[in-house]
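First comes the structure, then the notes that go with it.
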Amino acid sequence: MHPSLPLLLPLIPSLALAIVIPPSWPVSNNTPGARSPSPSPEPALRIPLKHLTSRQHHPDLEVRQAWLKDQARGMRRKYARHLDADGQELLRRDQDEVELEKRELHKRATGNVSLIDVGVDASYAGQVTIGTPGQTFDVILDTGSADLYSCPPHSMPVLPSLIGFWFGLAESPRRWVADSQCSSSTCQSISLFTTTSSSTFSSTNQPFSITYGSGTASGVIASDTVSMAGFSVTGQTFGAVNTTSSNLISNPLSGLMGLAWKSIAQTGATPFWQSLASSGQWSNQEMGFYLQRWRGVTGVTQVEQSGGEFTMGGIDSSKFTGSVNYISIASGDTDYWRIPVQGMTVQNGSVSLSSPQAAIDTGTTLIGVPSSILSTIYANIPGSEAMSASTGYSGYYQYPCSTTVSVTLQFGGLSYSISNSDFNLGSFTRDTSMCTGAIFQMNLSGNSPIQWIVGASFLKNVYSVFRYNPTAIGFAALTGNESSVTSGSASNTTSSSTGSGSGKSSSGASTSREVGALGLVISVAVAAVAGLV
């Protein structure tokens, strides 16, 4: 290296460097007998400089403005110790602005969770992390509840055995995890939350109890750091389950995360999702679900890793086509994610409705309706009959398996089709020529804010969105399935304040604000899954 070069390099950190070696410089010559050239005076080192492109002359005004600010900021930082009082104040403002920009960049975020399909479309689960260091679990993502519960190593929740569906009770918390104190033999096959391994775990010792159609779970209210899709909430309240009935949940599930509103949280705590949406951590205050269908696929297994996608802080425009039809929810109706069912057809025949409120529930497999409507629905399907109470299937109907059933539900002025493969649950009696339908009897009390429960049998047919502010539920046609959405007919439409076009956004536009309450349930087994066989 030329002796002058090391001295010059530190002087040109931001310039393009080119070194020119004059032909008169000494050159090594290893040819035998060659004479070395006579020494000549060293020439001056020439370093051409290249002018680099500057944002100062960028055609975008905002880029030029940013450049101008950065010039002043950079000079104040460089000479900070020499600034007067006014300069020090400007420097402080510079620092505040930089921190604000960092926070804005951090909070403007969207996170995706890959779902697993359990029990052939019976339940859809995503991965959640609890504690410090984090312990990871697969939990059912449930927009029909608002609590988070977990099961320690000696307790265990149970999996519903009837036709693979599960409905949680309104008064029961659905955000829990099984902890290491689980005493059930079923706990041996699932992942449990070890509370003693988390430095941030805290228990209130306040007892809680949950009752499901398939069993019970109880434990204590606790709190810890909870993370999902790159987002975290410290001190998140949840239930640590330590006693359960058998078969409440099974591997690979370890719990349930509720995604409904705080108003129905038994613990009274703000749900995980609601904390994120209200704190501005999301790019857009909404959540999106794509539930993949495995029913009817040859070779399907009880656990399929490609179960769909759950998006927090926005929606995935690649999963749907057209626009999202948002149906507004009144400010006083933020309990369940619920909207009115405006109309229904079965085999192209209209079913008379009076705009019942339907809970849109990702944690439920089937569709529950009052008995007064159920008989009318199946009257449109030739050969259908109520299943005998003696079989244990009271409230279900079956019909000839050879019949292709066409059902539509109308929300927000648009009709959405339910595929025959989702409606037909298969045969559950010795008469294999008869198949069971996905709509069954669910009578709720007169005080209930909901009359229907609409689960995955419908939601697999649409892309669904749950928006925090302005509060709404949205549906869009799945990519490649545009024909499943049609305009609602006047004869099926009842008057409603929420209609087509209410809060619509264009395809792919993530302009919604918040989704339903996200409660988290982590249990030794998932207490909300149904083993659909």
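The values are calculated or read from the model by the stated rules, or taken from the named source; none is laboratory data. Given the structure is predicted, the values throughout are model-derived calculations rather than measurements. When we count neighbours, we look across all protein chains shown, and the Cβ atoms used for this are built from the backbone with ideal geometry, even at glycine. The accessibility values were calculated without ligands, DNA or RNA, using every heavy atom of the protein model including side chains. Shrake-Rupley method; radii C 1.70, N 1.55, O 1.52, S 1.80 Å.
Consider the stretch 65-98 and keep the residues that are among the hydrophobic types (A, V, I, L, M, F, W, C) and open to solvent by less than 60 Å² (accessible area, probe 1.4 Å). The one that is modelled with the highest pLDDT is Leu91.
Applying a threshold of 7 Å to beta carbon distances and a minimum spacing of six or more residues, or different chains, the list of pairs starting in the stretch 266-277 at a residue that is in contact (Cβ under 8 Å) with a residue 40 or more places away in the chain and ending at one that is surrounded by fewer than 24 Cβ atoms within 10 Å (Cβ to Cβ) and assigned to a helix (DSSP H, G or I) reads Pro271/Lys262; Gln274/Lys262. Taken over the stretch 287-310, the criterion of being under 30 Å from Ser275 (Cα atoms) and out of contact with any Phe, Trp or Tyr (no Cβ under 8 Å at 6 or more places or on another chain) is satisfied by Gln292, Gln305, Ser306. Charged (D, E, K, R) and either over 32 Å from the mean Cα position of the chain (by Cα) or modelled with pLDDT under 95 (or both): is that true of Glu385 in this structure? It is true that Glu385 is charged (D, E, K, R) and either over 32 Å from the mean Cα position of the chain (by Cα) or modelled with pLDDT under 95 (or both). When the stretch 322-372 is filtered for residues that are hydroxyl-bearing (Ser, Thr, Tyr) and under 19 Å from the mean Cα position of the chain (by Cα), the ones remaining, listed by number, are Tyr326, Thr334, Tyr336, Thr362, Thr364, Thr365. The lone criterion from (1) under 23 Å from Val120 (Cα atoms); (2) outside any strand (DSSP E or B) left unmet by Tyr336 is number (1). The one condition from (1) modelled with pLDDT under 95; (2) in contact with a Phe, Trp or Tyr (Cβ under 7 Å, 6 or more places away or on another chain) that Ser390 does not meet is (2). Does the stretch 252-262 contain at least one residue that is within 22 Å of Thr143 (Cβ to Cβ), open to solvent by 30 Å² or more (accessible area, probe 1.4 Å) and at pLDDT below 80? Within the stretch 252-262, not a single residue is within 22 Å of Thr143 (Cβ to Cβ), open to solvent by 30 Å² or more (accessible area, probe 1.4 Å) and at pLDDT below 80.
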